[in-house]
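Notes follow the structure.
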Amino acid sequence: MSVIIQGNQLTKIALGNGPVTKATGTLAATTVPLFTVAVGRVMVTAMWGVVTTSITVANSYKLQFNPTTGDTQDMCAATDIGTSDTLAGDVLQFGLATTTAPPKLMSIGYGTGRLNTVLTIGQIEHVSAGTDGAITWNLMWLPLDSGATLVAA
């Protein structure tokens with residue numbers, strides 16, 4: 001039996017470009033850019049983080065989008081990902097949003113990597129209050145405008 005479409009082609013059809021990856025390095029109590037939308041509008045179709053170094057201290061952590069024009073918006077609610085330990089190898093995804101709050105970060109099996117979020121020119125940033133652990137973020141995206149780009153910051 002011949003294969004008509006390869007796995008990477010199916011991924012591109014379903015989720016778009018990527019994955020674009022960005023390692024946080026050791027988490028510090030600061031705001032750090034992860035991804036940059038430099039031209040046009042894009043749709044983030046999926047985003048997930050892989051913990052590469054265990055997070056073992058209290059850490060209120062969130063992702064936000066900081067547009068060049070407009071207000072910074074939370075992509076997920078600040079969630080403590082360290083007090084009960086988030087171990088190396090854990091996958092972080094998004095829980096469900098409510099009518100009054102954005103989704104929380106959750107371990108695999110409790111959330112989804114699918115986002116379908118439209119972003120304008122600006123940056124996706126992580127805001128960390130903790131000082132240990134590391135995460136590699138992965139992002140899939142589609143251009144909505146001709147020439148739109150999304151790259152690791």
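The values are calculated or read from the model by the stated rules, or taken from the named source; none is laboratory data. Please read these numbers as outputs of a predicted model, since none were measured by experiment. All Cβ positions, glycine included, derive from the backbone under ideal geometry; neighbour counts span all protein chains shown.
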Residue within segment 46-62 that is at pLDDT below 95, surrounded by 18 or more Cβ atoms within 10 Å (Cβ to Cβ), assigned to a strand (DSSP E or B) and of a type in the set (D, E, K, R) present: yes
Segment 3-24 residues that are outside any helix (DSSP H, G or I), paired with ones that are surrounded by fewer than 10 Cβ atoms within 10 Å (Cβ to Cβ) and of a type outside the set (S, T, N, Q) (beta carbon under 9 Å, 6 or more apart): Ile5/Ile13
Of all residues making up segment 63-77, the number that are part of a strand (DSSP E or B) and either aromatic (Phe, Trp, Tyr) or free of Cβ contacts under 8 Å to residues at least 60 places away in the same chain (or both): 6
Candidates Ala153, Ala148, Ala101, Ala134, filtered to the one that is among the small types (Gly, Ala, Ser) and at pLDDT below 95: Ala101
Failed criterion for Asp80 (all others in (1) closer than 24 Å to Gly147 by Cα; (2) surrounded by 13 or more Cβ atoms within 10 Å (Cβ to Cβ); (3) without any contact (Cβ under 8 Å) to a residue 40 or more places away in the chain hold): (1)
